[in-house]
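The values are calculated or read from the model by the stated rules, or taken from the named source; none is laboratory data. Everything quoted here is computed from the prediction, not taken from an experiment. So basically every Cβ, Gly included, is an ideal-geometry build from the backbone, and we count neighbours across all protein chains shown.
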Amino acid sequence: MIPPLLRNILIIGIIIYFVIILVFLKNKRLELKYTLLWMLCGVIFAGMVIWPQLLTIIVHMVGIQDNMNGLFIIGFAFVIVIIMSLTSIVSRQSRKITILVQEIAILEKRIFDLENTNNERK
């Protein structure tokens, strides 16, 4: 069981967590589609703080003996999901940047060729 003082501190921490996420969203420092992943993590951890027996039920359903080991595995799983989503985003952005650089190079070559053609006519 979570001691009452620790539970109150964790609830305050989760509220601050949500406020920070919403401020980032408002200031356009975080896009909505990425905010949803962080909000989901916050809701699940808030659920575990408010109803600690939920963690016990989930841990015993999976077959883990100790609640702390279960909490560690759940936290590790969330980190893996977040890393995978960020890796996917970085890969997409890298492809877009490559395409943009190639298009800029083609446009610069066209401009160079047009300038050379105009200079030869004069």
Checklist entry - Listed residues Ile50, Ile58, Ile16, Ile64; which is within 22 Å of Ile2 (Cα to Cα), modelled with pLDDT of 95 or more and not acidic (Asp, Glu)? => result Ile16
Next on the checklist: Restricting to region 35-47, count the residues that are within 15 Å of Leu6 (Cα to Cα) and among the aliphatic types (A, V, I, L, M).
Outcome noted: 1
Item to check | Gly13 being exposed (fewer than 12 other Cβ atoms within 10 Å of the Cβ) and small (Gly, Ala, Ser) | outcome: no
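Residues are listed down the side, and each one gets a yes or a no for (1) surrounded by 11 or more Cβ atoms within 10 Å (Cβ to Cβ); (2) closer than 30 Å to Leu40 by Cα:
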{"residue": "Ile58", "(1), (2)": "yes, yes"}
{"residue": "Asn69", "(1), (2)": "yes, yes"}
{"residue": "Ala77", "(1), (2)": "no, yes"}
{"residue": "Leu86", "(1), (2)": "yes, yes"}
{"residue": "Ser94", "(1), (2)": "no, yes"}
{"residue": "Thr98", "(1), (2)": "no, no"}
{"residue": "Ile106", "(1), (2)": "no, no"}
{"residue": "Lys109", "(1), (2)": "no, no"}
